[in-house]
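The values are calculated or read from the model by the stated rules, or taken from the named source; none is laboratory data. Source: prediction; values computed, not measured. We place every Cβ from the backbone using ideal geometry, glycine too, and count neighbours over all the protein chains shown. The protein model used for the area step is the full one, side chains on, heavy atoms only, and it has no ligands, DNA or RNA in it. Shrake-Rupley method; radii C 1.70, N 1.55, O 1.52, S 1.80 Å.
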Amino acid sequence: MIHVLRVTAIGAGSVEYLLRGCGCAEHEHAPKLDLALEHDHQHGHKQELARGEAESRVRAGADYLVRSTQGEPGGVWWGEGLDMVGFEAGSGASADDVRAVFGQLRHPSSTENDPVFLGAKPRIYRSVEERIAAALAAEPDASEERIWEIRNTIGADGRKAVAYYDLTFSAPKSVSVYYAGLLAAGRYAEAERLLEVHRAAVDKAMAFVQTQAAYTRTGYHGKTLDGRSVGKYEKGTGLVGIRFDHRTSRAREPQIHAHFAVLNRLVTCSDGKIRALDGRGFAPIKQGADAIYLQDLERGMAAEFEVVFVLRPDGVAREIMGVDQRLLCEASSRRGQVLERSEELVAEYRARWGHEPGPAAVKSIRQAAALETRADKTSLSPEEQIGNWNGTRLGRLAAMFTDTAERCRAVVRGVHPDQQGYEMRAREQVLAEAVVAVQAKYATWTVGNLIMAIKVQLDQTPGVGGSAPELALEVLREGSRYGVVEVSAPDPGAVPVELQRADGKSDFRAPNDDRYATSAQLRTELGIVAAAR
(Lines give C-alpha, C1' and ligand atoms only; values in the text may rest on other atoms or scores of the structure.)
Protein backbone atom coordinates (compact mmCIF):
# COMPACT_ATOMS: atom_id res chain seq x y z
CA MET A 1 0.00 0.00 0.00
CA ILE A 2 1.11 3.58 -0.69
CA HIS A 3 1.65 5.29 2.64
CA VAL A 4 -0.05 8.67 3.01
CA LEU A 5 1.94 9.66 6.11
CA ARG A 6 5.51 10.86 5.76
CA VAL A 7 7.73 11.80 8.72
CA THR A 8 10.68 14.11 8.03
CA ALA A 9 13.22 15.39 10.55
CA ILE A 10 13.95 19.11 10.05
CA GLY A 11 16.83 21.20 11.41
CA ALA A 12 16.27 24.40 13.40
CA GLY A 13 17.83 26.47 10.63
CA SER A 14 14.92 25.50 8.37
CA VAL A 15 12.28 27.38 10.32
CA GLU A 16 11.68 29.70 7.36
CA TYR A 17 10.41 26.61 5.59
CA LEU A 18 7.44 26.78 7.96
CA LEU A 19 6.98 30.51 7.56
CA ARG A 20 6.86 30.19 3.78
CA GLY A 21 3.99 27.77 4.05
CA CYS A 22 5.85 24.44 3.97
CA GLY A 23 6.60 24.72 0.25
CA CYS A 24 4.77 21.48 -0.45
CA ALA A 25 5.60 19.58 -3.59
CA GLU A 26 4.44 16.02 -3.16
CA HIS A 27 6.03 16.08 0.30
CA GLU A 28 9.31 17.76 -0.65
CA HIS A 29 11.06 19.46 2.20
CA ALA A 30 13.70 22.13 2.57
CA PRO A 31 17.30 20.94 3.06
CA LYS A 32 18.13 20.13 6.64
CA LEU A 33 20.73 22.50 8.12
CA ASP A 34 23.39 21.63 10.66
CA LEU A 35 22.22 23.54 13.70
CA ALA A 36 22.42 20.64 16.15
CA LEU A 37 20.46 20.14 19.29
CA GLU A 38 21.41 18.32 22.47
CA HIS A 39 19.32 15.15 22.82
CA ASP A 40 20.47 13.99 26.20
CA HIS A 41 19.59 14.60 29.81
CA GLN A 42 20.67 18.20 30.31
CA HIS A 43 18.68 20.43 32.62
CA GLY A 44 15.86 22.42 31.03
CA HIS A 45 13.84 25.38 32.26
CA LYS A 46 10.08 25.41 32.20
CA GLN A 47 9.02 29.04 31.88
CA GLU A 48 5.47 29.83 32.88
CA LEU A 49 3.65 32.69 31.18
CA ALA A 50 1.32 34.90 33.14
CA ARG A 51 -2.28 34.50 32.02
CA GLY A 52 -2.47 38.04 30.60
CA GLU A 53 0.79 37.64 28.70
CA ALA A 54 -0.30 34.27 27.33
CA GLU A 55 -3.59 35.67 26.13
CA SER A 56 -1.80 38.52 24.37
CA ARG A 57 0.01 35.91 22.31
CA VAL A 58 -3.18 34.28 21.04
CA ARG A 59 -3.32 36.10 17.74
CA ALA A 60 -5.69 35.89 14.81
CA GLY A 61 -6.11 37.05 11.23
CA ALA A 62 -3.13 38.32 9.26
CA ASP A 63 -0.65 37.51 12.03
CA TYR A 64 -1.22 33.78 11.75
CA LEU A 65 1.71 31.74 10.64
CA VAL A 66 1.49 30.45 7.08
CA ARG A 67 -0.75 33.08 5.66
CA SER A 68 1.52 31.99 2.87
CA THR A 69 1.98 32.88 -0.77
CA GLN A 70 -0.43 30.06 -1.46
CA GLY A 71 -3.12 31.77 0.60
CA GLU A 72 -3.79 28.78 2.84
CA PRO A 73 -5.32 29.27 6.30
CA GLY A 74 -3.05 30.14 9.19
CA GLY A 75 -1.19 27.57 11.21
CA VAL A 76 -2.59 26.79 14.67
CA TRP A 77 -0.99 25.37 17.80
CA TRP A 78 -1.67 21.73 18.54
CA GLY A 79 -0.79 19.17 21.20
CA GLU A 80 -1.21 18.26 24.85
CA GLY A 81 2.16 19.71 25.86
CA LEU A 82 1.47 23.34 24.98
CA ASP A 83 1.80 24.52 28.58
CA MET A 84 5.54 24.31 27.96
CA VAL A 85 5.35 27.27 25.57
CA GLY A 86 2.30 29.05 27.00
CA PHE A 87 -0.21 28.61 24.19
CA GLU A 88 -3.65 27.06 23.86
CA ALA A 89 -4.59 24.42 21.30
CA GLY A 90 -6.29 26.01 18.29
CA SER A 91 -4.80 29.47 18.81
CA GLY A 92 -2.98 31.16 15.95
CA ALA A 93 0.77 30.72 15.59
CA SER A 94 2.61 33.97 14.83
CA ALA A 95 5.83 34.20 12.87
CA ASP A 96 7.79 35.64 15.83
CA ASP A 97 6.68 32.87 18.17
CA VAL A 98 7.48 30.16 15.64
CA ARG A 99 10.95 31.61 15.01
CA ALA A 100 11.55 31.53 18.76
CA VAL A 101 10.18 28.05 19.47
CA PHE A 102 11.05 26.13 16.30
CA GLY A 103 13.95 28.25 15.07
CA GLN A 104 15.85 28.88 18.32
CA LEU A 105 14.30 26.42 20.78
CA ARG A 106 13.67 29.19 23.26
CA HIS A 107 10.58 30.14 25.22
CA PRO A 108 8.58 32.78 23.28
CA SER A 109 8.32 35.02 26.37
CA SER A 110 12.10 35.43 26.38
CA THR A 111 14.25 37.49 24.01
CA GLU A 112 17.21 36.71 21.80
CA ASN A 113 19.40 38.87 24.05
CA ASP A 114 18.17 37.12 27.21
CA PRO A 115 16.99 33.70 26.02
CA VAL A 116 15.36 31.02 28.12
CA PHE A 117 15.93 27.82 26.18
CA LEU A 118 13.49 24.93 26.02
CA GLY A 119 15.71 22.30 27.55
CA ALA A 120 19.30 22.11 26.32
CA LYS A 121 20.77 25.10 24.55
CA PRO A 122 21.20 24.40 20.82
CA ARG A 123 24.78 23.69 19.77
CA ILE A 124 26.35 24.62 16.45
CA TYR A 125 27.86 21.65 14.62
CA ARG A 126 30.05 21.72 11.56
CA SER A 127 28.23 22.39 8.31
CA VAL A 128 27.88 19.75 5.61
CA GLU A 129 30.58 21.46 3.54
CA GLU A 130 32.96 21.52 6.51
CA ARG A 131 32.41 17.82 7.13
CA ILE A 132 32.94 17.06 3.45
CA ALA A 133 36.18 19.05 3.46
CA ALA A 134 37.44 17.12 6.50
CA ALA A 135 36.54 13.77 4.90
CA LEU A 136 38.31 14.69 1.64
CA ALA A 137 41.37 15.82 3.59
CA ALA A 138 41.48 12.41 5.26
CA GLU A 139 41.52 10.73 1.82
CA PRO A 140 43.84 12.90 -0.32
CA ASP A 141 44.23 10.16 -2.93
CA ALA A 142 40.49 9.53 -3.36
CA SER A 143 39.36 8.81 -6.90
CA GLU A 144 36.81 11.00 -8.64
CA GLU A 145 34.12 8.41 -7.97
CA ARG A 146 35.13 8.21 -4.30
CA ILE A 147 34.96 12.01 -3.99
CA TRP A 148 31.46 11.92 -5.48
CA GLU A 149 30.54 9.16 -3.00
CA ILE A 150 31.88 11.11 -0.01
CA ARG A 151 29.98 14.24 -0.95
CA ASN A 152 26.68 12.45 -1.43
CA THR A 153 27.02 10.17 1.60
CA ILE A 154 27.74 13.06 3.97
CA GLY A 155 25.02 15.16 2.37
CA ALA A 156 22.39 12.43 2.76
CA ASP A 157 23.42 10.71 5.94
CA GLY A 158 25.34 11.36 9.12
CA ARG A 159 24.04 12.81 12.36
CA LYS A 160 21.34 15.36 11.76
CA ALA A 161 20.32 17.86 14.38
CA VAL A 162 16.53 17.87 14.68
CA ALA A 163 14.43 20.84 15.77
CA TYR A 164 11.09 19.39 14.76
CA TYR A 165 9.45 16.59 12.81
CA ASP A 166 7.15 17.25 9.88
CA LEU A 167 4.31 14.70 9.82
CA THR A 168 2.43 15.04 6.54
CA PHE A 169 -0.86 13.31 5.73
CA SER A 170 -1.84 13.43 2.06
CA ALA A 171 -5.27 12.29 0.90
CA PRO A 172 -5.55 9.75 -1.95
CA LYS A 173 -5.38 11.60 -5.24
CA SER A 174 -8.99 10.75 -6.15
CA VAL A 175 -10.17 12.62 -3.04
CA SER A 176 -8.30 15.74 -4.15
CA VAL A 177 -9.72 15.44 -7.67
CA TYR A 178 -13.23 14.95 -6.26
CA TYR A 179 -12.75 18.13 -4.20
CA ALA A 180 -11.62 20.00 -7.31
CA GLY A 181 -14.74 18.80 -9.09
CA LEU A 182 -16.97 20.08 -6.31
CA LEU A 183 -15.40 23.52 -6.62
CA ALA A 184 -15.81 23.42 -10.40
CA ALA A 185 -19.50 22.63 -9.97
CA GLY A 186 -20.00 25.43 -7.44
CA ARG A 187 -20.86 22.92 -4.69
CA TYR A 188 -18.89 24.84 -2.08
CA ALA A 189 -20.72 23.56 1.01
CA GLU A 190 -20.01 19.98 -0.05
CA ALA A 191 -16.38 20.85 -0.77
CA GLU A 192 -16.04 22.19 2.77
CA ARG A 193 -17.64 19.02 4.17
CA LEU A 194 -15.04 16.98 2.31
CA LEU A 195 -12.28 19.01 3.94
CA GLU A 196 -13.92 18.46 7.34
CA VAL A 197 -13.90 14.69 6.76
CA HIS A 198 -10.19 14.87 5.91
CA ARG A 199 -9.42 17.01 8.98
CA ALA A 200 -11.35 14.71 11.29
CA ALA A 201 -9.44 11.69 9.96
CA VAL A 202 -6.13 13.48 10.47
CA ASP A 203 -7.18 14.42 14.02
CA LYS A 204 -7.94 10.77 14.77
CA ALA A 205 -4.54 9.66 13.49
CA MET A 206 -2.67 12.38 15.37
CA ALA A 207 -4.50 11.49 18.60
CA PHE A 208 -2.98 8.03 18.19
CA VAL A 209 0.47 9.56 17.60
CA GLN A 210 0.01 11.74 20.68
CA THR A 211 -0.58 8.76 22.96
CA GLN A 212 2.16 6.60 21.44
CA ALA A 213 5.04 8.99 20.67
CA ALA A 214 5.20 11.47 23.58
CA TYR A 215 8.30 9.92 25.16
CA THR A 216 11.81 11.08 25.93
CA ARG A 217 15.03 9.33 26.86
CA THR A 218 16.89 9.79 30.15
CA GLY A 219 20.12 8.28 31.40
CA TYR A 220 22.82 6.88 29.14
CA HIS A 221 21.84 6.14 25.54
CA GLY A 222 25.22 5.67 23.91
CA LYS A 223 26.34 2.25 22.76
CA THR A 224 23.56 -0.25 22.22
CA LEU A 225 23.20 -4.03 22.19
CA ASP A 226 20.49 -5.38 19.90
CA GLY A 227 19.36 -1.77 19.46
CA ARG A 228 18.98 -1.18 23.20
CA SER A 229 20.94 0.90 25.66
CA VAL A 230 20.89 1.21 29.44
CA GLY A 231 18.92 4.46 29.47
CA LYS A 232 15.26 4.89 30.38
CA TYR A 233 12.30 5.90 28.23
CA GLU A 234 9.98 8.25 30.10
CA LYS A 235 6.53 9.59 29.35
CA GLY A 236 6.15 13.28 28.53
CA THR A 237 3.19 15.52 29.29
CA GLY A 238 2.38 15.71 25.59
CA LEU A 239 3.56 16.85 22.17
CA VAL A 240 3.93 20.45 21.01
CA GLY A 241 3.11 21.21 17.40
CA ILE A 242 1.57 23.44 14.78
CA ARG A 243 -0.93 22.25 12.21
CA PHE A 244 -1.16 23.49 8.63
CA ASP A 245 -3.89 22.52 6.15
CA HIS A 246 -3.15 22.78 2.42
CA ARG A 247 -5.13 21.98 -0.72
CA THR A 248 -2.61 22.23 -3.56
CA SER A 249 0.91 21.06 -4.37
CA ARG A 250 3.86 23.10 -5.60
CA ALA A 251 2.88 21.87 -9.07
CA ARG A 252 -0.35 23.91 -8.57
CA GLU A 253 -2.49 20.79 -8.75
CA PRO A 254 -5.17 19.57 -6.32
CA GLN A 255 -3.51 17.91 -3.33
CA ILE A 256 -5.35 17.89 0.00
CA HIS A 257 -2.87 17.37 2.82
CA ALA A 258 -2.02 18.43 6.35
CA HIS A 259 1.33 19.15 7.95
CA PHE A 260 2.02 18.77 11.66
CA ALA A 261 5.30 20.33 12.77
CA VAL A 262 6.03 18.46 16.03
CA LEU A 263 8.64 20.11 18.25
CA ASN A 264 11.64 18.05 19.29
CA ARG A 265 11.03 18.97 22.92
CA LEU A 266 8.63 17.88 25.65
CA VAL A 267 8.25 18.05 29.42
CA THR A 268 9.15 14.85 31.28
CA CYS A 269 6.34 13.74 33.60
CA SER A 270 8.65 12.37 36.30
CA ASP A 271 10.69 15.51 37.04
CA GLY A 272 9.23 18.35 34.93
CA LYS A 273 12.43 18.83 32.93
CA ILE A 274 12.33 19.66 29.24
CA ARG A 275 14.08 17.09 27.08
CA ALA A 276 14.28 16.03 23.45
CA LEU A 277 11.53 13.88 21.99
CA ASP A 278 12.50 10.29 21.23
CA GLY A 279 12.11 10.66 17.47
CA ARG A 280 12.73 6.97 16.87
CA GLY A 281 9.31 6.33 18.39
CA PHE A 282 7.59 7.41 15.18
CA ALA A 283 8.89 4.49 13.11
CA PRO A 284 7.01 1.56 14.71
CA ILE A 285 3.66 3.41 14.78
CA LYS A 286 3.84 5.24 11.45
CA GLN A 287 1.83 2.68 9.48
CA GLY A 288 -0.67 2.50 12.33
CA ALA A 289 -1.36 6.24 12.08
CA ASP A 290 -1.51 5.81 8.30
CA ALA A 291 -4.18 3.12 8.60
CA ILE A 292 -6.26 5.13 11.09
CA TYR A 293 -6.30 8.14 8.77
CA LEU A 294 -7.26 6.12 5.71
CA GLN A 295 -9.95 4.11 7.49
CA ASP A 296 -11.63 7.21 8.94
CA LEU A 297 -11.29 9.16 5.69
CA GLU A 298 -12.92 6.42 3.61
CA ARG A 299 -15.74 5.88 6.11
CA GLY A 300 -16.35 9.62 6.42
CA MET A 301 -16.41 10.10 2.65
CA ALA A 302 -18.85 7.21 2.23
CA ALA A 303 -21.16 8.75 4.85
CA GLU A 304 -21.16 12.20 3.20
CA PHE A 305 -21.04 11.40 -0.52
CA GLU A 306 -22.10 8.74 -3.00
CA VAL A 307 -18.64 7.22 -3.27
CA VAL A 308 -16.98 3.91 -2.65
CA PHE A 309 -13.27 3.20 -2.46
CA VAL A 310 -11.72 0.32 -4.39
CA LEU A 311 -8.22 -1.11 -4.66
CA ARG A 312 -6.39 0.18 -7.70
CA PRO A 313 -5.42 -2.37 -10.39
CA ASP A 314 -1.76 -2.08 -9.29
CA GLY A 315 -2.80 -3.00 -5.74
CA VAL A 316 -0.84 -0.21 -4.05
CA ALA A 317 -3.65 2.16 -3.02
CA ARG A 318 -7.42 2.62 -2.81
CA GLU A 319 -9.16 5.33 -4.80
CA ILE A 320 -12.74 6.46 -5.35
CA MET A 321 -14.32 4.11 -7.88
CA GLY A 322 -15.44 5.99 -11.01
CA VAL A 323 -12.80 8.75 -10.95
CA ASP A 324 -11.11 8.70 -14.35
CA GLN A 325 -7.56 7.37 -14.09
CA ARG A 326 -6.46 10.02 -16.58
CA LEU A 327 -7.59 12.74 -14.18
CA LEU A 328 -5.53 11.13 -11.42
CA CYS A 329 -2.46 11.08 -13.65
CA GLU A 330 -2.99 14.68 -14.72
CA ALA A 331 -3.18 15.70 -11.06
CA SER A 332 0.09 13.86 -10.35
CA SER A 333 2.42 15.42 -12.92
CA ARG A 334 4.96 16.22 -10.22
CA ARG A 335 5.63 12.55 -9.54
CA GLY A 336 6.16 11.86 -13.22
CA GLN A 337 8.64 14.75 -13.50
CA VAL A 338 10.68 13.47 -10.57
CA LEU A 339 10.71 9.90 -11.89
CA GLU A 340 11.72 11.01 -15.37
CA ARG A 341 14.58 13.17 -14.07
CA SER A 342 15.68 10.37 -11.71
CA GLU A 343 15.92 7.97 -14.65
CA GLU A 344 18.03 10.51 -16.55
CA LEU A 345 20.40 10.95 -13.59
CA VAL A 346 20.70 7.18 -13.12
CA ALA A 347 21.60 6.83 -16.81
CA GLU A 348 24.23 9.56 -16.43
CA TYR A 349 25.65 7.79 -13.38
CA ARG A 350 25.76 4.45 -15.21
CA ALA A 351 27.51 5.98 -18.22
CA ARG A 352 30.04 7.79 -16.05
CA TRP A 353 30.99 5.02 -13.62
CA GLY A 354 30.16 1.87 -15.56
CA HIS A 355 27.89 0.31 -12.94
CA GLU A 356 24.49 0.76 -11.28
CA PRO A 357 24.23 3.26 -8.40
CA GLY A 358 24.11 1.84 -4.88
CA PRO A 359 21.37 2.62 -2.31
CA ALA A 360 23.08 5.81 -1.02
CA ALA A 361 23.62 7.06 -4.57
CA VAL A 362 20.00 6.30 -5.54
CA LYS A 363 18.77 8.26 -2.52
CA SER A 364 20.95 11.23 -3.50
CA ILE A 365 19.79 11.02 -7.10
CA ARG A 366 16.13 11.11 -6.09
CA GLN A 367 16.71 14.09 -3.82
CA ALA A 368 18.53 15.91 -6.62
CA ALA A 369 15.75 15.10 -9.09
CA ALA A 370 13.10 16.42 -6.70
CA LEU A 371 14.98 19.69 -6.16
CA GLU A 372 15.80 20.21 -9.85
CA THR A 373 12.19 19.81 -10.95
CA ARG A 374 10.56 21.95 -8.27
CA ALA A 375 8.21 24.62 -9.55
CA ASP A 376 8.55 28.17 -8.30
CA LYS A 377 6.08 29.24 -5.64
CA THR A 378 3.06 31.19 -6.77
CA SER A 379 1.04 34.08 -5.43
CA LEU A 380 -2.18 32.49 -6.70
CA SER A 381 -4.67 31.37 -4.06
CA PRO A 382 -5.54 27.66 -3.79
CA GLU A 383 -8.92 28.38 -5.35
CA GLU A 384 -7.24 30.07 -8.32
CA GLN A 385 -4.74 27.24 -8.74
CA ILE A 386 -7.46 24.59 -8.65
CA GLY A 387 -9.64 26.72 -10.92
CA ASN A 388 -6.84 26.91 -13.48
CA TRP A 389 -6.34 23.15 -13.27
CA ASN A 390 -10.10 22.60 -13.66
CA GLY A 391 -10.28 24.88 -16.71
CA THR A 392 -9.86 22.34 -19.51
CA ARG A 393 -11.36 19.46 -17.53
CA LEU A 394 -14.83 20.77 -16.63
CA GLY A 395 -16.67 18.22 -18.78
CA ARG A 396 -14.78 15.25 -17.39
CA LEU A 397 -15.15 16.51 -13.82
CA ALA A 398 -18.93 16.85 -14.28
CA ALA A 399 -19.12 13.32 -15.70
CA MET A 400 -17.07 12.09 -12.75
CA PHE A 401 -19.93 12.66 -10.31
CA THR A 402 -22.30 10.60 -12.47
CA ASP A 403 -19.77 7.78 -12.71
CA THR A 404 -18.90 7.69 -9.02
CA ALA A 405 -22.57 7.76 -7.97
CA GLU A 406 -23.53 4.98 -10.39
CA ARG A 407 -20.63 2.81 -9.22
CA CYS A 408 -21.60 3.41 -5.61
CA ARG A 409 -25.23 2.41 -6.22
CA ALA A 410 -24.10 -0.70 -8.08
CA VAL A 411 -22.01 -1.74 -5.09
CA VAL A 412 -24.95 -1.15 -2.74
CA ARG A 413 -27.11 -3.38 -4.92
CA GLY A 414 -24.47 -6.06 -5.36
CA VAL A 415 -21.02 -6.88 -3.99
CA HIS A 416 -18.01 -4.62 -3.61
CA PRO A 417 -15.29 -5.69 -6.12
CA ASP A 418 -12.71 -6.00 -3.33
CA GLN A 419 -15.07 -8.10 -1.20
CA GLN A 420 -16.07 -10.84 -3.63
CA GLY A 421 -15.50 -14.17 -1.94
CA TYR A 422 -14.80 -12.58 1.43
CA GLU A 423 -18.33 -11.64 2.50
CA MET A 424 -18.74 -14.54 4.93
CA ARG A 425 -15.37 -14.34 6.66
CA ALA A 426 -15.55 -14.33 10.45
CA ARG A 427 -13.67 -11.91 12.67
CA GLU A 428 -11.03 -14.47 13.68
CA GLN A 429 -10.37 -15.39 10.06
CA VAL A 430 -9.86 -11.73 9.17
CA LEU A 431 -7.27 -11.34 11.93
CA ALA A 432 -5.53 -14.58 10.99
CA GLU A 433 -5.29 -13.45 7.35
CA ALA A 434 -3.86 -10.12 8.48
CA VAL A 435 -1.10 -11.94 10.37
CA VAL A 436 -0.33 -14.05 7.29
CA ALA A 437 -0.23 -10.92 5.10
CA VAL A 438 2.06 -8.90 7.38
CA GLN A 439 4.41 -11.85 7.78
CA ALA A 440 4.58 -12.28 4.00
CA LYS A 441 5.73 -8.68 3.69
CA TYR A 442 8.22 -8.42 6.58
CA ALA A 443 10.64 -10.85 8.19
CA THR A 444 9.79 -9.24 11.54
CA TRP A 445 7.17 -6.59 12.06
CA THR A 446 5.80 -3.97 14.45
CA VAL A 447 2.39 -3.15 15.82
CA GLY A 448 2.06 -0.41 13.18
CA ASN A 449 2.66 -2.91 10.39
CA LEU A 450 -0.05 -5.15 11.85
CA ILE A 451 -2.54 -2.30 12.14
CA MET A 452 -2.14 -1.54 8.43
CA ALA A 453 -2.50 -5.24 7.52
CA ILE A 454 -5.73 -5.47 9.53
CA LYS A 455 -7.07 -2.32 7.87
CA VAL A 456 -6.52 -3.94 4.46
CA GLN A 457 -8.38 -7.08 5.56
CA LEU A 458 -11.27 -5.04 6.98
CA ASP A 459 -11.63 -3.33 3.60
CA GLN A 460 -12.36 -6.75 2.12
CA THR A 461 -14.79 -7.93 4.79
CA PRO A 462 -17.98 -5.86 5.25
CA GLY A 463 -19.33 -7.90 8.14
CA VAL A 464 -16.44 -7.31 10.52
CA GLY A 465 -16.33 -3.99 12.35
CA GLY A 466 -14.00 -2.40 14.85
CA SER A 467 -10.95 -0.21 14.60
CA ALA A 468 -7.68 -1.59 13.26
CA PRO A 469 -5.62 -0.51 16.34
CA GLU A 470 -7.99 -2.24 18.78
CA LEU A 471 -7.99 -5.42 16.70
CA ALA A 472 -4.19 -5.35 16.46
CA LEU A 473 -3.88 -5.22 20.26
CA GLU A 474 -6.31 -8.14 20.47
CA VAL A 475 -4.07 -10.19 18.17
CA LEU A 476 -0.95 -9.40 20.20
CA ARG A 477 -2.67 -10.15 23.51
CA GLU A 478 -3.71 -13.56 22.20
CA GLY A 479 -0.57 -14.19 20.18
CA SER A 480 -0.56 -17.97 20.56
CA ARG A 481 -4.02 -18.14 19.04
CA TYR A 482 -2.71 -16.62 15.82
CA GLY A 483 0.77 -18.16 15.90
CA VAL A 484 2.42 -14.82 16.75
CA VAL A 485 5.74 -14.85 18.59
CA GLU A 486 7.58 -11.86 20.04
CA VAL A 487 11.15 -11.97 18.76
CA SER A 488 12.57 -8.93 20.57
CA ALA A 489 15.19 -9.60 23.23
CA PRO A 490 13.28 -10.39 26.45
CA ASP A 491 13.80 -8.67 29.79
CA PRO A 492 16.43 -10.51 31.87
CA GLY A 493 13.87 -11.17 34.57
CA ALA A 494 10.62 -10.02 36.13
CA VAL A 495 10.29 -6.23 35.94
CA PRO A 496 9.78 -4.64 39.39
CA VAL A 497 6.66 -2.50 39.65
CA GLU A 498 8.85 0.55 40.34
CA LEU A 499 10.44 0.17 36.89
CA GLN A 500 7.23 -0.42 34.96
CA ARG A 501 5.41 2.10 32.78
CA ALA A 502 1.63 2.27 32.62
CA ASP A 503 1.68 -0.33 29.81
CA GLY A 504 3.46 -2.80 32.09
CA LYS A 505 6.67 -2.69 30.07
CA SER A 506 10.07 -1.84 31.57
CA ASP A 507 11.16 1.81 31.64
CA PHE A 508 14.34 0.63 29.91
CA ARG A 509 12.51 -0.54 26.80
CA ALA A 510 11.38 1.90 24.16
CA PRO A 511 7.59 2.07 23.69
CA ASN A 512 6.41 -0.04 20.75
CA ASP A 513 9.93 -1.39 20.14
CA ASP A 514 8.69 -4.99 20.22
CA ARG A 515 9.06 -6.94 17.01
CA TYR A 516 7.03 -9.98 16.06
CA ALA A 517 7.02 -12.94 13.68
CA THR A 518 4.96 -16.10 13.31
CA SER A 519 6.04 -19.49 14.58
CA ALA A 520 5.66 -20.80 11.01
CA GLN A 521 8.13 -18.19 9.78
CA LEU A 522 10.64 -19.12 12.47
CA ARG A 523 10.34 -22.81 11.58
CA THR A 524 11.00 -21.98 7.93
CA GLU A 525 14.07 -19.93 8.83
CA LEU A 526 15.42 -22.68 11.07
CA GLY A 527 14.94 -25.16 8.23
CA ILE A 528 16.90 -22.93 5.84
CA VAL A 529 19.73 -22.55 8.37
CA ALA A 530 19.84 -26.31 8.94
CA ALA A 531 19.94 -27.01 5.21
CA ALA A 532 22.72 -24.44 4.72
CA ARG A 533 24.79 -26.10 7.42
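Scanning region 89-126 for residues that are surrounded by fewer than 16 Cβ atoms within 10 Å (Cβ to Cβ) and under 24 Å from GLN210 (Cβ atoms) turns up ALA89, GLY90. Residues considered: GLY322, GLY358, GLY387, GLY315. Of these, the only one that is farther than 30 Å from GLN295 by Cα and either surrounded by fewer than 19 Cβ atoms within 10 Å (Cβ to Cβ) or modelled with pLDDT of 85 or more (or both) is GLY358. The condition (being open to solvent by 20 Å² or more (accessible area, probe 1.4 Å), at pLDDT 90 or above, more than 23 Å from PHE309 (Cα to Cα) and small (Gly, Ala, Ser)) is satisfied by just one residue among ALA530, ALA437: ALA530. Considering ARG409, ARG396, the condition of being of a type in the set (D, E, K, R) and surrounded by 14 or more Cβ atoms within 10 Å (Cβ to Cβ) is satisfied by ARG396 alone.
One line per residue, one yes/no per condition, for (1) of a type in the set (Phe, Trp, Tyr); (2) closer than 25 Å to ALA426 by Cα; (3) open to solvent by 40 Å² or more (accessible area, probe 1.4 Å); (4) within 26 Å of the chain's Cα centre (by Cα):
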position	(1), (2), (3), (4)
ALA472	no, yes, no, yes
ARG477	no, yes, yes, no
VAL485	no, yes, yes, no
ALA489	no, no, no, no
GLN500	no, no, yes, no
ASP503	no, no, yes, yes
ASP513	no, no, yes, yes
ALA520	no, yes, yes, no
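Residues that are outside any helix (DSSP H, G or I) and free of Cβ contacts under 8 Å to residues at least 24 places away in the same chain within region 336-375 comprise GLY354, HIS355, GLU356, PRO357, GLY358, listed in sequence order. When LEU431, LEU473 are screened for being part of a helix (DSSP H, G or I), in contact (Cβ under 8 Å) with a residue 40 or more places away in the chain and not polar (S, T, N, Q), only LEU431 passes.
Among the residues here, VAL447 does not qualify as over 28 Å from CYS329 (Cα atoms), touching a strand residue (DSSP E or B) at 6+ places or on another chain (Cβ under 7 Å) and either open to solvent by less than 40 Å² (accessible area, probe 1.4 Å) or not β-branched (Val, Ile, Thr) (or both).
Scanning region 457-470 for residues that are closer than 16 Å to ILE285 by Cα, touching a residue at least 40 places away in the same chain (Cβ under 8 Å) and open to solvent by 20 Å² or more (accessible area, probe 1.4 Å) yields SER467, PRO469.
Give the number of residues within region 254-280 that are over 21 Å from ALA89 (Cβ atoms) and open to solvent by less than 10 Å² (accessible area, probe 1.4 Å). Summing the residues that are over 21 Å from ALA89 (Cβ atoms) and open to solvent by less than 10 Å² (accessible area, probe 1.4 Å) in region 254-280 gives 4.
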